[in-house]
Amino acid sequence: MVSPLDRVSPGARAEFREAAPPAPRDPPHVVIIGGGGTGAAVAHDLVLRGLRVTLVERGEVTSGTTGRHHGLLHSGARYAMTDRASAIECIGENKILRRIAPGSFEENDGLFVALTDEDADLERQFLEGCWQCAVPTRRIDRAHALRLEPGLNPDLRLAVQVPDATMDAMRLPLRFFATARRNGAEILTFTEVTAVTTAGRSVRGVAVRDHAAGRDYEIGADIVINAAGPWAGKVAALAGVTVPVAPTAGVMVAVRGRHCNMVVNRLHAPGDGDIALPQRGMTVLGTSSWPVNDPDDPDVPADHVENVVRETSNLLPALRGAEIRASWSATRPLIGKNGTQSGRGMAREFRCFDHALDDSPTEGFVTIAGGKATTLRAMAEITANVVCGKLGIDRPCETSDVTLLPHAAWYAR
Ligand SMILES: Cc1cc2nc3c(=O)[nH]c(=O)nc-3n(C[C@H](O)[C@H](O)[C@H](O)COP(=O)(O)OP(=O)(O)OC[C@H]3O[C@@H](n4cnc5c(N)ncnc54)[C@H](O)[C@@H]3O)c2cc1C
């Protein structure tokens, strides 16, 4: 067979070889700070797009807020009256997560229960909000609600059924970690970022302390992603930038016994003690909300525990007097506008910050913050889009269609 090279002179042949496509280069390296659900989902997305990924987590994976949340796969209904952007994000991700993580959810649906005339007056506004956000609803009367959920307060006025679900706070993110690792991501636990290394205004990597081995070293990176949840402000400070994260704590209480089979919410504007959901053989009640300076140290105020039990007992009277198995707190990584807001009224939306666009730009440093455990995949998609855009990589997001490995794959070495 005649090769195309046989048709050119020896000199031109050398030139032809020089013009041949260069050998493939190593993919860019991205370091992700934070091994919660958000960091896990970002690692999964980026390795699918062909990048080299190292994730560093100062403790065990999911040891931050992720491992301590309520376990509600939101339908978005909770935010339909007050925060429509979040409601729309939640229902979209609710559907995707059920598809890519089969078996991770108790597909038990949720009820929004009106207990008082004041609650019942919100029915129209609630249904309208859900409709506008494409959250499916089914209005049911008192008798039907009590058939579905016999433990409900028999004085309820009406209820609305929505596609909420119960999830295990740790197992869903473990599926992202396991799949990311299978596809080549390196996950370093007990490894704390102590500094972000720079050359001028460009980030060059991170300095870390390996707490298990007791040694310090540096990891070079083309881009560093801050996915440190409520610690995002502290991590941003290591790079000399600011992010308006307002760490906002909340208390949860686990009581013995399944006092409901569905997710039971109060039909009113989001408030304290208005959600109860079944988790295995227990019922988990939540929550409260207060601003904290240090996400490492939120206490568990006794009056919050009492209030959460009292308020949820209005929905499910048998909770009054149920044996408390545990109470704990966790800290939400909420985004404030210019850092001025705090607390319950803040939106649950998420934002990705490319700090190269700050007033005082820092190249190569990106923060993802805000959101919910329910929206972890979408948070990762927007972050990976920003990172790939910066690196000139044109690979679409695939995570809506890739079925995740089972959570047990995380433990199989
Ligand atoms: C009370 C409460 C109830 C909630 N209930 C629900 C719910 O039912 N459903 C829902 O969808 N969402 C819920 N949320 C919200 C949800 O839990 C959070 O949005 C989500 O878990 C945040 O995940 P993350 O990965 O962004 O942060 P995190 O899980 O906190 O992960 C950040 C990680 O960064 C690590 N880190 C910090 N600093 C460093 C460093 N210097 N070096 C290395 N690692 C570092 C931390 O150790 C941590 O593991 C709830 C939140 C709270 C507070």
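Brief remarks follow.
- For the criterion of being outside any helix (DSSP H, G or I), in contact with a strand residue (DSSP E or B) (Cβ under 6 Å, 6 or more places away or on another chain) and either assigned by TED's automatic domain parsing to the domain that holds K234 or hydrophobic (A, V, I, L, M, F, W, C) (or both), V300 passes.
- Unmet requirement for S360, which otherwise passes all of (1) at pLDDT below 95; (2) within 16 Å of the ligand (Cβ to nearest atom): (2)
- Filter pass, T331 being part of a strand (DSSP E or B) and either within 14 Å of the ligand (Cβ to nearest atom) or under 26 Å from L111 (Cα atoms) (or both): yes
- If only residues of region 121-180 that are acidic (D, E) and crowded, with 18+ Cβ neighbours inside 10 Å are counted, the one that is farthest from the ligand (Cβ to nearest atom) is E149.
- Here L73 meets each of (1) modelled with pLDDT of 95 or more; (2) among the hydrophobic types (A, V, I, L, M, F, W, C); (3) surrounded by fewer than 24 Cβ atoms within 10 Å (Cβ to Cβ) with one exception, condition (3).
The values are calculated or read from the model by the stated rules, or taken from the named source; none is laboratory data. This one's a predicted model, so the numbers in the text were calculated from it and none came from an experiment. FYI the Cβ positions are ideal-geometry reconstructions off the backbone, even for glycines, and counts take in every protein chain you see.
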